[in-house]
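Trainee: Here's a structure for you.
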């Protein structure tokens with residue numbers, strides 16, 4: 001959750017990745033299945049749009065996921081996060097996955113999973129933009145440097161996907177985060193980042209779109225590791241959610 005007890009952007013990415021992994025497990029093509037064939041899953045692109053409905057701390061959510069397209073090198077999966085019970089939609093989006101050769105870390109063909117994974121005849125969420133290009137970065141608004149530490153690493157031994165998002169959000173001021181909520185985010189992961197690297201994240205404006213920002217994350221030699229496009233919406237009259245939650249707790 002974030003500082004307002006709402007489901008955080010990192011949590012949305014976590015739920016999406018976890019749901020994809022669980023689904024692949026039911027088909028026997030999860031990470032621990034494919035490693036026997038010298039393959040591993042990596043997510044290379046993620047896009048999600050938030051709805052006005054918030055998922056708050058202690059509320060239950062459920063994730064629906066579909067495989068919408070399978071190409072010789074990529075797999076696209078759509079997803080929706082809903083509140084359990086009411087069915088209110090919180091966020092929807094898609095992700096692009098690739099298979100990598102564990103020895104060479106180069107793209108591998110999806111032959112190993114073709115015929116195993118059911119693919120929808122058409123995208124489950126046709127209104128979610130996919131395969132879109134990032135705009136040219138506008139004016140530089142600021143930058144931060146982050147030295148990679150053990151907490152950034154995933155089980156593959158490189159910087160985990162959610163760490164890039166956390167670093168990017170650190171470019172925002174506390175005042176901005178207190179008065180805005182995320183409307184959408186689009187992430188492209190371009191390179192692996194090993195331990196002991198230093199990542200520089202530049203925050204750029206998007207020309208003609210004052211509510212959107214672009215985050216460019218580069219390694220110490222200038223190699224671009226990830227890029228994030230985010231859209232933020234102002235919060236008017238933010239309720240005191242912490243007090244509301246405290247009142248709702250049963251008295252022991």
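Trainee: All but one of (1) closer than 23 Å to residue 21 by Cα; (2) over 17 Å from the mean Cα position of the chain (by Cα); (3) outside the structural domain of residue 45 (by TED's automatic domain parsing); (4) in contact (Cβ under 8 Å) with a residue 60 or more places away in the chain hold for residue 141; state the number of the condition that does not hold.
Mentor: Status for residue 141: all satisfied but (1).
Trainee: Then there is this: Out of all the residues in the range 139-161, which are closer than 20 Å to residue 202 by Cβ and either at pLDDT 95 or above or part of a strand (DSSP E or B) (or both)? First the steps, then the outcome.
Mentor: Step one: of the range 139-161, the residues closer than 20 Å to residue 202 by Cβ are 139-148, 152, 159, 161.
140, 141, 142, 143, 144, 145, 146, 147, 148, 159, listed by residue number.
Trainee: What residue, among those in the range 45-54 that are modelled with pLDDT of 90 or more and over 10 Å from the mean Cα position of the chain (by Cα), is surrounded by the most Cβ atoms within 10 Å (Cβ to Cβ)? Can you show your working first?
Mentor: The initial filter retains those residues of the range 45-54 that are modelled with pLDDT of 90 or more, namely 45-51.
With over 10 Å from the mean Cα position of the chain (by Cα) added as a condition, the list becomes 49-51.
On the way: 49: 17, 50: 24, 51: 15.
This residue is 50.
Trainee: Say whether the condition of being surrounded by fewer than 19 Cβ atoms within 10 Å (Cβ to Cβ) and under 23 Å from residue 68 (Cα atoms) is met by at least one residue in the range 133-140.
Mentor: Yes, that holds for at least one residue.
Trainee: Still on this structure, please answer the following. Quick one: which residue in 128, 91 is touching a strand residue (DSSP E or B) at 6+ places or on another chain (Cβ under 6 Å) and either modelled with pLDDT of 95 or more or on the phi > 0 side of the Ramachandran plot (or both)?
Mentor: 91
Trainee: Could you go through the range 1-20 and let me know if any residue there is farther than 23 Å from residue 157 by Cα, in a strand (DSSP E or B) and either touching a helix residue (DSSP H, G or I) at 6+ places or on another chain (Cβ under 8 Å) or not assigned by TED's automatic domain parsing to the domain that holds residue 127 (or both).
Mentor: Yes, there is a match, as at least one residue in the range 1-20 is farther than 23 Å from residue 157 by Cα, in a strand (DSSP E or B) and either touching a helix residue (DSSP H, G or I) at 6+ places or on another chain (Cβ under 8 Å) or not assigned by TED's automatic domain parsing to the domain that holds residue 127 (or both).
Trainee: Go through the range 181-200 and report how many residues are in a strand (DSSP E or B) and either over 20 Å from the mean Cα position of the chain (by Cα) or over 22 Å from residue 16 (Cβ atoms) (or both).
Mentor: Of the residues in that region, 3 qualify.
Trainee: Of the conditions (1) more than 16 Å from the chain's Cα centre (by Cα); (2) over 28 Å from residue 178 (Cα atoms); (3) surrounded by 13 or more Cβ atoms within 10 Å (Cβ to Cβ); (4) touching a residue at least 12 places away in the same chain (Cβ under 8 Å), residue 85 satisfies every one except a single condition; which number is it?
Mentor: It is condition (3) that residue 85 fails.
Trainee: Out of curiosity, is residue 10 buried (at least 19 other Cβ atoms within 10 Å of the Cβ) and touching a residue at least 12 places away in the same chain (Cβ under 8 Å)?
Mentor: Taking the combined requirement at face value, the residue does not satisfy it.
The values are calculated or read from the model by the stated rules, or taken from the named source; none is laboratory data. Everything numeric in this text was worked out from a predicted model, so none of it was measured. With ideal geometry, Cβ positions are generated from the backbone for all residues, glycine too; neighbour counts draw on all protein chains shown.
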